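Okay, so here's the structure we're looking at.
The values are calculated or read from the model by the stated rules, or taken from the named source; none is laboratory data. Source: prediction; values computed, not measured. So basically every Cβ, Gly included, is an ideal-geometry build from the backbone, and we count neighbours across all protein chains shown. What goes into the accessible areas is simple: the full protein's heavy atoms, side chains included, and nothing from ligands, DNA or RNA. Shrake-Rupley method; radii C 1.70, N 1.55, O 1.52, S 1.80 Å.
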Amino acid sequence: AAKNARAGVRVYQAEDDRNTPRRLALMADLRAAVEQNRLEVHYQPKVDPASGRVIGAEALSRWFRADGTVPPDEFILLAERSGLIRTLTRNVLDTALAACAGWRRDGHHDMTVAVNLSPQTIADRGLAEDVRVALLRHGLPAAALTLEITETGLMADPTNSLATLETLRGIGVKLSVDDFGTGHSSLGRLSELPIQEVKIDKGFVRDLTTTAGRRAVTDATLHLGRALDLLVVAEGVETREEFDYLRAHGCGAVQGYYVSRPLPAAAFTAWLADRPAR
Ligand code: C2E
Ligand code: CA
Ligand code: CA
Ligand code: CA
């Protein structure tokens with residue numbers, strides 16, 4: 001099973017929209033796994049390329065099954081369709097904040113953690129209260145938490161999401177626009193949102209140093225970040241060349257295999273322990 005898990009065997013096809021017996025069985029399995037809090041959370045660092053300092057980690061859900069791993073893109077979609085996403089998100093939030101409180105106790109006093117939010121969760125009026133209670137439970141300031149929302153998710157229901165975003169921002173949580181460049185938000189619209197961070201989608205970071213079109217999107221996003229005073233994070237940074245380009249062009253943070261793959265909690269904590277605390 002461990003071998004299959006690493007190979008990322010596909011047991012579910014996102015493109016297939018029918019409720020086949022196989023998918024129904026998978027959904028039942030996912031329900032049990034979510035309700036018993038058996039999904040795992042892995043962590044991938046966000047690093048300031050200028051100083052090498054670790055500024056935070058993104059929490060990424062993992063579902064290991066006896067017969068293989070279901071990729072997050074696929075089980076998250078299943079969770080969204082079956083109403084499990086709120087419980088899943090609450091579990092990730094709780095696990096990630098507990099981990100972050102531990103890193104801070106270990107001397108990384110400024111560590112932050114980022115949790116991904118599905119569009120449905122943003123429309124959920126209970127979300128902000130869940131977040132507030134979870135921060136209190138772990139004794140963390142709101143600034144320790146970043147919530148990542150995809151650009152397309154934000155644009156799906158602009159009015160409802162704006163109300164939730166304003167409430168979350170009022171608590172002091174940081175808000176990040178994920179997969180930036182893949183949606184259709186206008187700059188005017190973006191400047192009206194209470195956000196602090198944009199993440200350049202890994203599709204634009206790939207081949208950054210050799211493909212002019214991709215570089216243009218990255219350069220434009222870096223300019224935008226400076227103009228709107230946003231932290232710009234580049235995701236999917238895999239090579240030294242990409243890392244160096246982003247550092248030279250003032251990118252605030254990088255995330256990707258070049259720095260570290262997403263790691264299980266214990267491995268991430270060990271990785272972090274080898275880095276300077278400031
Ligand atoms: P995302 O939020 O855009 O997360 C970044 C994805 O890029 C992750 O895929 C990560 O493992 C991968 N990645 C990191 N560095 C590199 C790199 O250098 N190269 C390449 N090629 N990929 C890299 P992952 O873990 O498979 O997650 C896929 C998506 O599933 C996430 O995309 C996010 O949209 C969603 N997801 C994962 N966990 C959660 C969760 O707890 N809640 C929600 N709502 N969505 C989640
Ligand atoms: Ca993300
Ligand atoms: Ca992303
Ligand atoms: Ca993505």
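Determine the gain in length on full extension of the stretch residue 156-residue 182; use 0.36 nm per residue of separation and subtract their C-alpha separation, reporting nm with one decimal.
Working: separation 26, 0.36 × 26 = 9.36 nm, distance 1.34 nm.
The residue 156-residue 182 span can extend by a further 8.0 nm.
Rg to Rh ratio, region 108-158, alpha-carbon atoms and Kirkwood radius?
Values: Rg = 12.3 Å, Rh = 12.0 Å.
Rounded to two decimals, Rg over Rh is 1.02.
Once every DSSP H run of n ≥ 4 in the chain is given -39500 (n - 2.57) and the sum is divided by its residues, what mean residue ellipticity at 222 nm do you get, rounded to the nearest 500 deg cm²/dmol?
Values: 13 runs with 133 residues, N = 278.
That calculation yields -14000 deg cm²/dmol at 222 nm.
Considering the Cα positions of region 55-212, please state its Rg to one decimal place and its Dmax as a whole number of Å.
Over region 55-212's Cα set, Rg and Dmax evaluate to 16.1, 48 Å.
Using a 1.4 angstrom probe with every protein chain in place, what is the largest-first accessible-area order of 258, 43, 245?
Working: 258 90, 43 0, 245 35 Å².
Sorted descending by solvent-accessible area, the residues read 258, 245, 43.
So for region 200-268, considering every pair of alpha-carbon atoms, how many percent are separated by more than 20 Å? Show your work: numbers first, answer last.
Details: 596 of 2346 pairs.
Cα-Cα pairs of region 200-268 separated by over 20 Å account for 25 percent.
Of all accessible surface on region 157-278 at a 1.4 Å probe, what whole percent is carbon and sulfur?
Details: 3070 of 5880 Å².
Roughly 52 percent of what the probe reaches on region 157-278 is carbon or sulfur.
May I ask for the net charge around residue 120, where only other residues with Cβ less than 10 Å from the Cβ of residue 120 are counted and Lys, Arg are +1 while Asp, Glu are -1? Don't jump to the answer; show the numbers that get you there.
Working: positive: 81, 86; negative: 80, 124, 157.
Combined, the nearby Lys, Arg, Asp and Glu give -1.
Given a 1.4 Å probe and heavy atoms of the protein chains only, how would you sort 63, 271, largest accessible area at the top?
Details: 63 5, 271 50 Å².
Sorted descending by solvent-accessible area, the residues read 271, 63.
What do you get for Rg/Rh over region 138-278 if you use C-alpha atoms and the Kirkwood form of Rh? Walk me through the intermediate numbers first.
On the way: Rg = 16.0 Å, Rh = 16.2 Å.
On the Cα set of region 138-278, Rg over Rh gives 0.98.
In region 80-168, which trypsin sites (Lys or Arg not before Pro) are in a loop and have at most 14 other Cβ atoms within 10 Å, using DSSP for the loop call?
On the way: sites: 81, 86, 90, 104, 105, 125, 132, 137; in loops: 125.
Sparse-neighbourhood loop trypsin sites (Lys or Arg not before Pro): 125.
State the dimensionless ratio Rg/Rh of region 171-235 (Rg: radius of gyration of Cα atoms; Rh: Kirkwood radius). Present the calculation step by step, with values, prior to reporting the outcome.
Numbers: Rg = 11.8 Å, Rh = 12.1 Å.
The Rg/Rh ratio comes out at 0.98.
In a shell of Cβ-Cβ distance under 12 Å around residue 163, excluding residue 163 itself, what net charge do Lys and Arg (+1) and Asp and Glu (-1) give?
-1
Quick check on the chain: of the DSSP beta bridges with both residues there, what percent are antiparallel, nearest 5%? Before the final figure, lay out each step's value.
Working: 14 of 35 bridges.
Antiparallel: roughly 40 percent of the beta bridges in the chain.
Which one of 123, 156, 227 has the biggest mean-square fluctuation once the chain is modelled by GNM with Cα springs under 10 Å?
Result for the chain, Cα springs under 10 Å: 227 fluctuates most.
Please calculate how many Å² of accessible area the chain carries per residue, with a 1.4 Å probe and no DNA, RNA or ligand atoms counted. Don't skip to the answer; put the middle values down first.
Details: 12930 Å² over 278 residues.
Accessible surface, normalised per residue, equals 47 Å².
Once the whole set of protein chains is in place, how much accessible area is left on residue 85, using a 1.4 Å probe, in Å² to the nearest 10?
10
Shape call for region 31-139 from the C-alpha gyration tensor, a ≥ b ≥ c root eigenvalues: rounded (a/c under 1.5), prolate (a/b greater than b/c) or oblate? Show your work: numbers first, answer last.
Numbers: a/c = 1.89, a/b = 1.43, b/c = 1.32.
Prolate is the answer for region 31-139, as a/c is 1.5 or above and a/b outweighs b/c.
Please work out whether the chain counts as rounded, prolate or oblate from its C-alpha gyration tensor, where a ≥ b ≥ c are the square roots of the eigenvalues and a/c under 1.5 means rounded, while otherwise a/b larger than b/c means prolate and anything else oblate? Intermediate results must be reported in sequence, preceding the final value.
Working: a/c = 1.28, a/b = 1.26, b/c = 1.02.
Rounded.
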